[in-house]
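The next block holds one structure in the form of C-alpha cells; read it before the comments.
The values are calculated or read from the model by the stated rules, or taken from the named source; none is laboratory data. All of these numbers come straight from a predicted model, not from anything done at the bench. Backbone-built Cβ (ideal geometry, glycine too); neighbour counts: all protein chains shown.
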Amino acid sequence: MSDSADEITPDAIPQQAVDALYERLSREAEASGYHLNPDAEFTKDLVRGLLVNEKRYGYWACPCRLADGEKQKDLDIICPCDYRDPDLLDWGACYCALYVSEEVLEGEIQVEPIPERRPPEGERPQQTPAPAPPGRGSEPADDEETVPVWRCRVCGYLCARERAPGRCPICKATQDRFDRFW
C-alpha cells in the first residue's frame, strides 16, 4: 500500500456517504436476521471506519482491527468478519459491536468488551490449507477434523460452522430450529 492510502482520515469521508452505507447495512442486516448496534452515533463511527478502510485497501476491513492491507491476508476480517456469528452467540455482539444480538437490541443484556478470537498470524483460515473433502458419500476418517453442518428444519438452509446460527438468514427461524445434518 502506498503512503497516501494511510493518509486517508475519517474526516475525509462525507457524512452523506456514512448515512447511505448505514441505511444500506441496516436494511441488509435486518433482512438477514441480524441487527446493527442501536447506538446510531457509535454505529455510524464504525461505518465511517469501514469506508476509510475501503478507500485505503479497497475492502471493508474491520474498523477495530489492524488490517494488513493485502486482501488475501485480511479475508477473515472483512466485514462481516468470520468471527461475527460466534461472537454474537457467545457475547451478544461482534468484536467491534457493529452487529448485536436480539437480546442486546431489546436491552436484555449489555454489550461488554469482546475478547479477540482471531487466531495469531499463520493460524488464520486463509493461511492454512483446507483439508481434502471426503469421498462422495463417505464418512470422514476418525482422525479427520470436520466442521458440523447444520440444517434449518423450516427452510432447509445449510451452513457449516461449529454451532448453528442464532437465526436462519433465510426464514428467520431461531437457533433451536436447527438440527445437525453432518
Restricted to region 143-165 and to residues being aliphatic (A, V, I, L, M) and over 19 Å from residue 87 (Cα atoms), the residue surrounded by the fewest Cβ atoms within 10 Å (Cβ to Cβ) is 158
On the basis of being in the same structural domain as residue 7 (by TED's automatic domain parsing), of a type in the set (Gly, Ala, Ser), assigned to a helix (DSSP H, G or I) and touching a residue at least 12 places away in the same chain (Cβ under 8 Å), does residue 69 make the cut? no
Single condition residue 59 does not satisfy, out of (1) in contact with a strand residue (DSSP E or B) (Cβ under 8 Å, 6 or more places away or on another chain); (2) assigned to a loop (DSSP other than H, G, I, E, B); (3) farther than 26 Å from residue 160 by Cβ: (3)
Got at least one residue in region 106-125 being in the same structural domain as residue 42 (by TED's automatic domain parsing), touching a strand residue (DSSP E or B) at 6+ places or on another chain (Cβ under 8 Å) and small (Gly, Ala, Ser)? no
Members of region 32-49 that are assigned to a helix (DSSP H, G or I), among the aliphatic types (A, V, I, L, M) and within 21 Å of residue 107 (Cα to Cα): 40, 46
Of the residues in region 20-52, those that are farther than 21 Å from residue 85 by Cβ and touching a Pro at 6+ places or on another chain (Cβ under 9 Å) come to 45, 48, 51, 52
Restricting attention to region 83-113, which residues are on the phi < 0 side of the Ramachandran plot and among the aliphatic types (A, V, I, L, M)? 88, 89, 93, 98, 100, 104, 105, 109, 111
May I ask you to list the residues in region 132-157 that are of a type in the set (Val, Ile, Thr) and at pLDDT 90 or above? 147, 149
